[in-house]
Amino acid sequence: MERLKRFGVSIEEKLLDRFDRYIKKTRFKTRSQAIRDLIRKELVKEEWLKSREAAAGAIIMVYDHHQRELMDNLVHLQHHHQEIIISSQHIHLDRRMCLEVIVVKGRIDKVYALEAELKAAKGVKHASLAKSTLGRDI
Ligand code: NI
């Protein structure tokens, strides 16, 4: 386990009260845990601003597989972006709708490009990118 360092934080009373109420709603046991989580969240957000850096994440999407040419189109797109796709999982939601999770790892600009192309494919009802991290220095 990594060595922990302590530091003092000055904070307005009202803000701290509100933060404590927030912590109660979460499952964090201590303020330190909650603060570490917020810091990491911000750092990951910042990582995703650097388009040439690498990150990891997942694109989740729902589409209608009856849509003409959509299946061919999606397979084609994924082959085209295979250097950043680690795996994908297809779940049949009902007779018509499919849910797919595409796990990605690679350059951020390429991940955004894939997300944009998937979103724009006709028949895709919803696509959303979960931005995570490779976990280095975090
Ligand atoms: Ni399906």
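Taking amide H atoms as placed 1.01 Å from N in the peptide plane, the amide H of L134 lies under 5 Å from those of A56, each 5 or more residues away in sequence or on another chain. Average accessible surface for region 1-87: 85 Å² per residue, computed with a 1.4 Å probe over protein heavy atoms with every protein chain in place.
Across the chain, C-alpha contacts under 8 Å between residues 6 or more apart give a mean separation that, scaled by the residue count, equals a relative contact order of 31 percent.
Measure off, as a whole percent, the carbon and sulfur share of the 1.4 Å-probe accessible area of the chain, all protein chains present. It would help to have the intermediate numbers written out before the result.
Values: 5390 of 10580 Å².
Reported share for carbon and sulfur atoms: 51 percent.
Over the C-alpha atoms of region 54-131, the Rg to Rh ratio, Rh being the Kirkwood estimate, stands at 0.95.
Listed cross-link partners K45/K105; K50/K119; K45/K110; K24/K125; K5/K41 are compared with a 25 Å cut-off, the Cα-Cα value being larger for K24/K125. Using a Cα-Cα cut-off of under 18 Å, which aspartates and glutamates could be cross-linked to K131, ignoring same-chain neighbours fewer than 8 residues away? Within the straight-line cut-off, K131 pairs with D37, E42, E46, E47, E53, E83, E100, D109, E115, E117.
The values are calculated or read from the model by the stated rules, or taken from the named source; none is laboratory data. Since this is a predicted model, take the numbers as computed values, not measurements. Only protein heavy atoms, including side chains, enter the accessible area calculation; ligands, DNA and RNA are left aside. Shrake-Rupley method; radii C 1.70, N 1.55, O 1.52, S 1.80 Å.
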